Structure formats: C-alpha cells, structure tokens
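Inspection log for the structure reproduced underneath, given as structure tokens.
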Amino acid sequence: PLFRSSYQQGAVIDSLGVMVSQQAYDKDVQVVNKTGDINIGKLSSSDLDIKLTTGDIKVSQANNIIASLTTGDVEINQANKAIITGTTGDIDVDQTNIVKVKLTTGDITLGDVDESLDLTSTTGDIKIDTVNLKASSSIKNGTGDVKIRKTTNCYIDAKTKIGDTRVNNNDRKSD
C-alpha cells in the first residue's frame with residue numbers, strides 16, 4: 001500500500017482521519033492504530049486494511065474492506081466486500097455484496113446484502129434489511145435475536161441458541 005499509518009500507545013493523537021476523494025486517490029490504504037477513531041471518506045476504488053485496538057471505524061465508501069478491532073464500533077456505508085472481526089462493539093454496514101463478520105459481543109446491523117454473508121456472533125442481535133443471496137451463506141448467533149426484513153429468491157436457515165429468529169419472505173423452494 002502507498003499509505004500506511006501506525007501510531008503507538010501514548011502518541012498525541014485522538015483520531016486518525018483519511019479523507020481523500022475518489023479521483024485523487026485510488027491506491028490501497030492500510031491503517032494501524034492502537035487508540036483513537038479512524039474516519040475514511042469515499043475511496044471507492046481502494047482496498048482498505050484497518051487494524052485498531054480501541055476506537056471506532058467509519059468508512060463512507062471503499063472497494064474491499066478488512067477491519068479488525070478489539071473494542072469499538074464499525075460503520076460502513078458502502079463496500080463491495082466487508083470482512084470485520086471484533087471483540088466488543090456494534091457493526092453497521094449499509095450496502096455490500098459480500099459481508100463476513102465475526103463478533104463476540106455487540107449487535108450486527110446490515111442494510112442490503114446482494115451476494116453472500118457469513119455472520120458469527122456470540123452475544124448480540126443480528127438485523128438485516130434486504131438479502132439477495134447468490135452464494136452459500138450462514139448466520140450463527142449464540143444469544144440474541146436474528147431478524148431479516150426481506151429476502152429475494154433464497155431460503156435462510158437462521159438459528160440462535162437463545163433469542164428469536166424471524167426471516168420474512170423466506171423461500172424454501174429456491175435453489
């Protein structure tokens with residue numbers, strides 16, 4: 001990657017922001033930060049690799065996103081592919097084709113998913129607005145509700161150990 005930023009604990013920085021327009025920057029971006037928030041604007045052609053210990057991650061738009069954090073929330077408006085791992089915090093992805101989330105504690109909220117999803121959560125609710133699956137997908141939740149508002153031509157066998165499962169428009173006859 002052409003852009004790499006790394007700050008050690010104790011550095012005089014509360015927040016790290018990368019705000020570059022799509023026309024001006026189309027390279028991959030890697031951000032490593034111990035503490036603080038990471039805010040990234042519209043980088044629709046770029047792949048992002050973000051590692052954060054404590055803080056929030058906000059991304060307006062990127063091609064592919066890999067984000068890992070220990071404590072904090074992740075908010076992504078739009079991405080082709082989002083892979084997120086976290087221990088504690090909420091995950092919110094508005095629009096993506098492919099999404100993979102592994103979260104210990106926190107809620108997962110997805111807007112539109114247009115290809116596949118792989119969601120694993122130990123404790124927290126999973127809410128999805130619209131799912132149009134074209135590949136094998138899974139949802140695994142230990143404790144919490146799983147709710148999907150709308151599905152298109154797919155059947156979802158969503159399970160939670162403790163909590164409610166509701167999948168609207170579930171099509172058992174789909175391939």
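Just one of the listed residues (LEU48, LEU16, LEU52) is open to solvent by less than 50 Å² (accessible area, probe 1.4 Å), modelled with pLDDT of 90 or more and farther than 21 Å from GLN95 by Cβ, and it is LEU52. Of all residues in the stretch 113-162, those satisfying the criterion of being closer than 16 Å to ASN97 by Cα and either touching a Pro at 6+ places or on another chain (Cβ under 7 Å) or of a type in the set (Lys, Arg) (or both) are LYS134, LYS150. Quick test for you: out of THR160, THR143, THR120, pick the one residue that is over 19 Å from the mean Cα position of the chain (by Cα) and modelled with pLDDT of 85 or more. The unique qualifying residue is THR143.
The values are calculated or read from the model by the stated rules, or taken from the named source; none is laboratory data. Owing to the predicted nature of the structure, the values given are computational and were not obtained by experimental measurement. Cβ atoms come from the backbone with ideal geometry, glycine included; neighbour counts cover every protein chain shown. Each accessible area value is taken on the protein alone, full model and side chains, heavy atoms only, with ligands, DNA and RNA left out. Shrake-Rupley method; radii C 1.70, N 1.55, O 1.52, S 1.80 Å.
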